[in-house]
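*Asks:* Attaching a single structure in structure tokens format; questions to follow.
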Amino acid sequence: MTPIDRSIPPKIQPIEAFSMMKPRQNALSNGIPVFYFDNPNLDLIHILLQVKTGSLYQPTKNLCNFAYSLLRESAPDLQAEEVSEKLDYYGTNFTVNVGLENVQLTMSMPKNNIPDILPIIASFCISPLYHESNLQIMKDKEVTNLAYNEQKTDYCAWRLMWREMLGDTYPAVSCFSTRETINSISTHQLQAFHKETFCAERVSLFVTGNLDADTEAMIERVWSAVPHGTPAPLLPDIPVTLPSNQPVFQSMPNCMQSSLVLCFPSMGFNDPERSAFSVLSTLTGGYFSSRLMQNLRERQGLTYGVSASSTFFGRQSIFAISSDVNAEQTQRAIDACFEELQRLQLEPVSDDELTMVKNYMAGIQLRATDTSVNTMLKYAYWYRFGLDENEMHRYLTEIKDVTAEQIIFLAKEHFSYNKFTQIIVGKYLANE
């Protein structure tokens, strides 16, 4: 048998066509939409409840995170320890992810255990009873985490970024937490916020696994108990303001590195240019061979890593380039970033580099849907923006058609120096 030559990469196989699994759709008696992704080989049933709420909807800082993170400790008929024991006994995993405008409650359990454990989960999701003792434990934990995070340059840089981007538009975003706002949360506030936001008008349900009529009937019966309420309001757009002529700088004298975030308000997920812009973003700093990685890491040794990506919410996003760099080389790293951004505006990307980026992006998308669980999660993400399984084909087609001329056009439109707000947290700038 001839040994494999590991120095020769395998041939890249172009994606000629791709069709994504289409879920079966239903609606509960209370109107909650349900999307079923059948997988007869998966007896571990996965359920995702997506709630239209998040940090951007909360009237008080930290409220959404506390209200949903404390659910499993707030069962109306069981102590927190009893809930944990039952989740373990029935082989069930329950997690909460609180985002800017969505909360995801994900759970997985053996199919045969659904009648025993799902009603317990539904009880604390639908009718939580928040206890002062559990709230205080979480407050103490959050205060400790805040004190730890405030010593980290990257945390402080991202916090400054959100402040600069959102200003006073969303004063209750959790990244503005203080010890005072954490300790001010009450069980009464938690109860009121949960009642307002966990309602049928804001919940979507996604399920995958070896589903049958009895399993579906049980799932639908349990979640039909979610009460009616008020739909989530539309998020207003961020008012676009001109960036400061001077970098936004926070000094941390004892640090050996500086954290950088170069950012600006950008397009929404449904923008016609979003797919093409994602190619530009990936080319810039979205994968290991990106322009910024090659310059800042490989050629100059200024950082271990640098990234570029967009955070989408409402009808907008924030595009950000971020990196942790040697403190003495802070300005040099910033200059290197803008050199690459300018080069993208002036020099056409080669066919080989553009093809490599497109193949990488297509591969990432395929890997994101390689199981029914991943497909369900991807579909749930698209559903936030009113899209369905056809988004995959559309996205792959659009990135395939992106040209070098299009990259230059988009770079000129979005990557001008004056468009960026520069956030720097660390010891000092090299030119100080």
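*Asks:* Can you give the Rg and Dmax of the chain based on its C-alpha atoms, in angstrom?
*Replies:* For the chain, the Cα-based Rg and Dmax read 23.8, 71 Å.
*Asks:* So what is the accessible area of the range 18-107 per residue, in Å², with the probe set to 1.4 Å?
*Replies:* Roughly 42 Å² per residue, with all protein chains present.
*Asks:* Continuing with the same structure: With every protein chain kept in place and ligands, DNA and RNA left out, what is the accessible area per residue of the range 200-326? Probe 1.4 Å, answer in Å².
*Replies:* Values: 5500 Å² over 127 residues.
Ligands and nucleic acids excluded, the figure is 43 Å² per residue.
*Asks:* For the range 257-318, what log10 I(q)/I(0) values come out of the Debye formula at q = 0.14, 0.15, 0.24, 0.27 1/Å, with one point per alpha carbon and no solvent?
*Replies:* The computed values of log10 I(q)/I(0) come out as -0.45, -0.51, -0.98, -1.10.
*Asks:* Pop out the carbon and sulfur fraction of the accessible area of the chain as a percent, whole number, probe 1.4 Å. Please report the intermediate quantities before stating the final value.
*Replies:* Values: 10600 of 20700 Å².
Heavy-atom surface of the chain belonging to carbon and sulfur, 1.4 Å probe: 51 percent.
*Asks:* Quick one: Kirkwood hydrodynamic radius for the range 75-171, alpha-carbon pairs, angstrom, one decimal? Spell out each step's value before the answer.
*Replies:* Numbers: mean 1/r = 0.0608 Å⁻¹.
In the range 75-171 this quantity evaluates to 16.5 Å.
*Asks:* Restricting to Cα pairs below 8 Å that are 6+ residues apart, what does the relative contact order work out to for the chain? Please round to a whole percent.
*Replies:* Values: 720 pairs, mean separation 92.1, N = 432.
Relative CO of the chain lands at 21 percent.
*Asks:* Oh, and also: Can you give the extra length, in nm with one decimal, that the chain gains between A27 and A147 once fully stretched, where that is 0.36 nm per residue apart less the Cα-Cα distance?
*Replies:* Details: separation 120, 0.36 × 120 = 43.20 nm, distance 4.50 nm.
Residue separation times 0.36 nm, minus the Cα-Cα distance, leaves 38.7 nm.
*Asks:* Output the 0 to 90 degree angle, nearest 10, between the alpha-carbon long axis of helix 80-89 and the longest principal axis computed from the alpha carbons of the chain.
*Replies:* Taking the Cα atoms of the chain, the angle to 80-89 is about 90 degrees.
*Asks:* Could I ask something else about it? Over the range 302-404, what lengths in whole Å, largest first, do the semi-axes of the equivalent ellipsoid take, defined as the square roots of 5 times the eigenvalues of the alpha-carbon gyration tensor? Don't skip to the answer; put the middle values down first.
*Replies:* On the way: eigenvalues 185, 71, 38 Å².
Taking √(5λ) for each eigenvalue gives 30, 19, 14 Å, largest first.
*Asks:* Follow-up. Dividing the alpha-carbon Rg of the range 50-107 by 2.2 N^0.38 Å yields what? Please list the in-between numbers first.
*Replies:* On the way: Rg = 12.8 Å, N = 58, 2.2 N^0.38 = 10.3 Å.
In units of the globular-protein estimate, the range 50-107 measures up at 1.24.
*Asks:* Using the alpha carbon gyration tensor of the range 1-153, what are the three equivalent-ellipsoid semi-axes (square root of 5 times each eigenvalue), largest first, in whole Å?
*Replies:* Square roots of five times the eigenvalues give 36, 25, 19 Å.
*Asks:* Can you give the angle from 0 to 90° between the axis of helix 274-285 and the longest principal axis of the chain, with both taken from C-alpha atoms, to the nearest 10?
*Replies:* For 274-285 against the chain, the angle is about 60 degrees.
*Asks:* Give the calculated FRET efficiency between M356 and N245 to the nearest 0.05, with a Förster radius of 45 Å applied to their Cβ-Cβ distance. It would help to have the intermediate numbers written out before the result.
*Replies:* Values: r = 37 Å, r/R0 = 0.83.
In this case the efficiency is close to 0.75.
*Asks:* Further question: For the cross-link pairs K11/K400; K141/K195; K22/K378; K152/K427; K22/K195, which exceed 21 Å when the distance is taken from alpha carbon to alpha carbon?
*Replies:* Where the Cα-Cα span goes over 21 Å, the pairs concerned are K141/K195; K22/K195.
The values are calculated or read from the model by the stated rules, or taken from the named source; none is laboratory data. All values derive from a computational prediction rather than experimental measurement. As a convention, Cβ positions derive from the backbone with ideal geometry for all residues, glycine included, and neighbour counts pool all protein chains shown. The accessibility values were calculated without ligands, DNA or RNA, using every heavy atom of the protein model including side chains. Shrake-Rupley method; radii C 1.70, N 1.55, O 1.52, S 1.80 Å.
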